[in-house]
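The values are calculated or read from the model by the stated rules, or taken from the named source; none is laboratory data. Worth saying up front: this structure is predicted, and the values here are computed from it rather than measured. Methodologically, a virtual Cβ is constructed for each residue, glycine included, from the backbone with ideal geometry; neighbour enumeration extends over all protein chains shown.
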Amino acid sequence: MRTRFWLVVLAVTLTTLYPGRRALANGRFPSAQQLALSPPGGDPNLVVLRTTFGIVVSRDAGKSWSWICERALGFTGEWDPPLAVTKDGRIWVGLSDGLRSTRDGCGTEEVMALRGSPISDLAVDPAGENLLVLSSKVDGPATVAILRKNGALEKVAGSFPGLELRTGDIAASGKIYVTGVPFDASAKPRGHLFVAGRGRPLVEVKLDLPDDAMAYLSAIDPKNDQRIVLRTLAPNGTDVVISDDGGKTLKHVLHVGTLLFGFAKSVDGKIMYVGSGDPNDGVWESRDAGATWTQASKTSVRCLALSGDLLYACSTPYRPGGFAVASSTDHARTFTPLNSFKDIAGAVACDGGEGAACRALWPEQKRILDPAPRDAGATLDASIDTSDAGATSRASSKTCGCGLVGAHDADDFAPGLVLVLLGALIARVDRKRTSFEPSMNHASRGIGAGRDRRAR
């Protein structure tokens with residue numbers, strides 16, 4: 001709690017002292033939050049990253065990246081939209097007032113039947129064609145619906161009084177699982193699980209969990225829709241839990257004392273990964289469908305996604321050894337950085353549509369993401385440890401080095417100082433064992449959507 005307090009104090013102080021520069025995106029530290037990939041049969045090169053400043057997209061498996069601003073997607077502020085990608089290449093974005101999709105980031109299509117509904121989670125069915133949509137209102141009933149590939153919206157019967165629906169998934173058989181927690185902040189955060197067979201209403205299955213444990217659905221076994229994987233969060237950490245009977249009985253298979261932000265599994269469900277923001281816990285791997293786990297590496301991650309044998313991860317780039325997106329081809333033993341935010345080429349190229357507005361916004365956004373001073377003939381060396389606020393850049397051997405390396409205007413230095421110091425503090429927050437404020441995202445089954453307060 002003390003660390004979080006000083007992080008806020010630092011952010012307010014520095015951004016007040018240097019009002020000419022927005023050092024933080026939307027008033028928040030630039031951060032990667034969720035990875036969404038195409039389902040089997042879709043484009044294997046499409047990688048979609050949700051951040052605190054919009055969506056970043058790669059269509060060549062991470063070699064190049066473009067930015068889709070929040071305005072183009074229909075939202076602003078601190079809303080963290082759940083993402084999903086269907087086999088046809090559509091990127092689905094859940095908003096505080098509805099659901100939209102985009103193919104190119106330039107234009108969007110709205111699902112009119114969901115207009116005004118705050119979307120709390122999205123999930124694509126195993127066929128990659130139909131979308132499970134969860135909507136939760138503080139002052140109204142929650143809704144579970146299936147958006148078919150033909151555009152038809154089918155609502156699933158069920159009642160969830162006073163609950164915020166957090167995570168959901170749909171099996172190949174059509175069986176649906178949904179988890180939720182009470183909206184009432186004074187109530188116990190006990191996790192709730194609901195199950196529905198094809199064409200049937202959702203009914204609650206009482207989970208054998210402590211009252212202070214929240215439950216998040218991570219996976220349904222593709223060959224047995226009674227077998228599910230949950231992550232449960234409590235003040236003493238995170239547990240990976242397996243049920244072979246649809247949630248009636250639970251088996252705890254892994255416990256760590258920190259938040260397990262990320263989750264990923266193979267198409268056949270045999271290989272699974274979970275990851276923590278604390279590098280001491282790092283990434284864990286199971287090669288027997290979650291029955292047993294081994295630590296693969298001590299890499300800090302905030303989300304995970306698996307495409308064939310290629311494991312993607314997102315993390316915090318403004319910390320020692322950090323990255324925005326990285327990939328691993330050796331089962332999470334090592335990760336190769338693909339994007340550090342500075343690698344974003346620019347706004348998505350658009351001739352028209354909402355995405356055209358992103359081009360004018362990109363120069364300022366770029367200054368926020370890459371605020372380090374660049375003098376005549378000097379570039380930042382990639383080996384600089386950004387945890388040291390006093391670190392200076394070294395002239396590249398490809399330039400003359402005529403300028404004074406490290407010389408800069410005070411106004412240029414302020415955003416960089418904010419990112420460096422906040423990066424160091426966020427690294428400490430990731431190590432906090434009882435902090436459960438980060439948001440949980442669905443596509444990675446990691447810790448997400450909506451207002452920045454979930455742990456998925």
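Every listed requirement among (1) buried (at least 21 other Cβ atoms within 10 Å of the Cβ); (2) in a strand (DSSP E or B) is met by HIS252 save one, (1). Residues in the range 145-176 that are crowded, with 19+ Cβ neighbours inside 10 Å, more than 16 Å from PRO82 (Cβ to Cβ) and in contact with an Asp or Glu (Cβ under 6 Å, 6 or more places away or on another chain): 1 in all.
Based on this model, can you work out whether VAL267 counts as closer than 24 Å to SER300 by Cβ, hydrophobic (A, V, I, L, M, F, W, C) and out of contact with any helix residue (DSSP H, G or I) (no Cβ under 9 Å at 6 or more places or on another chain)? Show your work before the answer.
On the way: closer than 24 Å to SER300 by Cβ: no; hydrophobic (A, V, I, L, M, F, W, C): yes; out of contact with any helix residue (DSSP H, G or I) (no Cβ under 9 Å at 6 or more places or on another chain): yes.
It is false that VAL267 is closer than 24 Å to SER300 by Cβ, hydrophobic (A, V, I, L, M, F, W, C) and out of contact with any helix residue (DSSP H, G or I) (no Cβ under 9 Å at 6 or more places or on another chain).
Close Cβ contacts (under 7 Å, 6 or more residues apart or on different chains) running from residues in the range 94-119 that are farther than 22 Å from PRO141 by Cα to residues that are assigned to a loop (DSSP other than H, G, I, E, B) and small (Gly, Ala, Ser) comprise ARG103/GLY89; CYS106/GLY352; CYS106/GLY353; GLY107/GLY353; THR108/GLY74. Just wondering, is there one or more residues in the range 177-196 that are more than 26 Å from the chain's Cα centre (by Cα) and under 26 Å from SER266 (Cα atoms)? Yes, there is a match, as at least one residue in the range 177-196 is more than 26 Å from the chain's Cα centre (by Cα) and under 26 Å from SER266 (Cα atoms).
The numbered conditions (1) under 22 Å from GLY290 (Cα atoms); (2) assigned to a loop (DSSP other than H, G, I, E, B) are all true for THR238 except (2). Would you be able to say whether some residue in the range 123-141 is touching a Cys at 6+ places or on another chain (Cβ under 8 Å) and buried (at least 19 other Cβ atoms within 10 Å of the Cβ)? Within the range 123-141 (the criterion being touching a Cys at 6+ places or on another chain (Cβ under 8 Å) and buried (at least 19 other Cβ atoms within 10 Å of the Cβ)), the answer is no, since none of the residues qualifies. Annotation note: of ALA142, ALA219, ALA187, the sole residue that is at pLDDT below 95, not in a loop (DSSP other than H, G, I, E, B) and not polar (S, T, N, Q) is ALA142. Contact map, the range 244-256: residues that are under 14 Å from VAL195 (Cα atoms) paired with residues that are of a type outside the set (A, V, I, L, M, F, W, C), Cβ distance under 6 Å, separation 6+ or inter-chain. Pairs shown: ASP244/ARG227; ASP245/GLN226; GLY246/GLN226.
Of the residues examined, PHE335 is not one that is touching a Pro at 6+ places or on another chain (Cβ under 7 Å) and modelled with pLDDT of 85 or more. Taken as a whole, the structure leaves GLY151 outside the set of residues that are assigned to a loop (DSSP other than H, G, I, E, B), at pLDDT below 95 and touching a strand residue (DSSP E or B) at 6+ places or on another chain (Cβ under 7 Å).
What single numbered condition from (1) surrounded by fewer than 22 Cβ atoms within 10 Å (Cβ to Cβ); (2) polar (S, T, N, Q); (3) within 17 Å of LEU202 (Cα to Cα) fails to hold for THR108? It fails just one condition, (3).
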